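No value in this document is a laboratory result; all are computed from the given coordinates. Source: prediction; values computed, not measured. Glycine gets a Cβ as well: all are built from the backbone with ideal geometry, and neighbour counts include every protein chain shown.
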Amino acid sequence: MKILEIVEKIAVEEPRIVSIVGAGISKASGMPTFRGEDGMWNNYSAMELATPQAFAKDPQLVWNWYKARMRILLKAKPNDAHFALTKLEKAGLSLGIITQNVDGLHELAGSKKIIEIHGRIRYARCTSCKHVQRWDKDEIVNERDSLLYCPNCEKSLLRPDVVWFGEPLDPSKSEIALDWLSHCNLVLVIGTSGVVYPVASFPSFAKENGAKIIEFNIESTPLTPICDFSVFGKCEENLPLFVEELIRKIEKSKSG
């Protein structure tokens with residue numbers, strides 16, 4: 001179905017939109033996989049390194065891997081899909097963004113209401129106290145075979161401020177996300193595989209509370225059957241068109 005047709009079929013006069021976002025939105029932001037750097041990480045997987053057990057066993061290996069990822073991430077820029085969500089927010093139509101991505105590109109695009117449900121790779125937190133700091137600086141990222149220590153505890157290690165495999169989500173973030181999903185009337189599911197829980201259950205939760213679901217993805221996903229509409233293709237092309245048409249429709253209805 002064409003985007004214009006979808007916008008016309010949405011029976012929502014005052015949209016309260018929540019966007020659930022996955023890795024597909026950042027594909028056009030110049031973010032190749034970490035495997036591209038010298039091939040040095042070809043024998044490792046995220047499942048092996050992004051765990052509390054891996055960090056406890058070899059924190060230097062884990063930090064070297066994250067520094068390699070950060071060297072790539074620092075070259076990435078928000079794309080038109082990120083900016084489209086910022087436009088929704090500025091138009092007063094967005095309750096917020098629930099992103100599974102840790103890349104920080106929504107913030108760089110100017111969005112303010114963001115739940116980074118899996119954490120923030122640009123930040124590090126102390127393994128002992130509550131200290132949190134940014135570490136995405138060239139002098140840190142390019143310094144290999146060095147660990148990061150807490151300036152408060154001095155001897156305690158810093159770790160990336162992300163949710164590793166086997167770790168629970170921050171309950172305060174989940175609470176806010178579910179509150180948004182309880183009060184929204186439209187959910188945009190953007191670039192997510194729909195297989196990572198509990199986020200994969202969020203669209204169903206919103207639908208049970210009366211929201212319409214629109215999916216933007218390159219292909220169908222396990223979430224497609226519950227979506228009211230699906231737009232297949234590049235997020236960076238289709239999402240801006242949808243946002244533009246939706247805002248135009250709302251402005252037209254207000255002008256009478």
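As an exercise, use a Förster radius of 25 Å and the Cβ-Cβ distance of K155 and Y44 to find the FRET efficiency, rounded to the nearest 0.05.
It comes to 0.35.
What is the antiparallel percent of DSSP beta bridges lying wholly in segment 127-237, to the nearest 5?
Percentage antiparallel, nearest 5: 10.
Percent relative contact order of segment 56-163, based on C-alpha pairs within less than 8 angstrom and at least six residues apart?
Result for segment 56-163 is 27 percent.
Explain nothing, just the number: relative contact order of the chain, from Cα pairs under 8 Å at least 6 residues apart, as a whole percent.
25 percent
State the dimensionless ratio Rg/Rh of segment 151-207 (Rg: radius of gyration of Cα atoms; Rh: Kirkwood radius).
1.13
Label A23 and E175 with points 7 Å out from Cα along Cα→Cβ: what is the distance between them in nm?
3.1 nm
Multiply the residue separation of E14 and K77 by 0.36 nm, subtract the distance between their alpha-carbon atoms, and state the gained length in nm to one decimal.
Result for the pair: 19.5 nm of gain on full extension.
Would you work out the charge dipole size for segment 188-256 about its Cα centre, treating the Cβ of every Lys and Arg as +1 and the Cβ of every Asp and Glu as -1, and quote it to the nearest 20 debye?
The calculated dipole for segment 188-256 is roughly 280 debye.
At 20 °C and 1.002 mPa s, what whole-number value in µm²/s does Stokes-Einstein give for the translational diffusion of segment 195-249, with Rh from the Kirkwood sum over Cα pairs?
Result for D is 176 µm²/s.
Based on the alpha-carbon gyration tensor of the chain and its eigenvalue square roots a ≥ b ≥ c, which shape applies: rounded if a/c is under 1.5, prolate if not and a/b is larger than b/c, or oblate?
prolate
Return the Rg/Rh ratio of segment 16-140 with Cα-based radii and a Kirkwood Rh.
Taking Rh as the inverse mean 1/r over Cα pairs, Rg/Rh reads 1.00.
Any idea what the dipole of the chain comes to, in debye rounded to 20, about its Cα centre with Lys/Arg Cβ at +1 and Asp/Glu Cβ at -1?
About 340 debye.
Can you work out the base-10 log of I(q)/I(0) for segment 74-222 at q = 0.11, 0.12, 0.16 1/Å, using the Debye formula on its C-alpha atoms alone?
The calculated log intensity ratios at q = 0.11, 0.12, 0.16 Å⁻¹ are -0.51, -0.60, -0.98.
Go through A68, S128, L223 and say which Cα lies farthest out towards the positive end of the charge dipole of the chain; charges sit on Cβ, +1 for Lys and Arg, -1 for Asp and Glu.
Looking along the dipole axis, the top candidate is S128.
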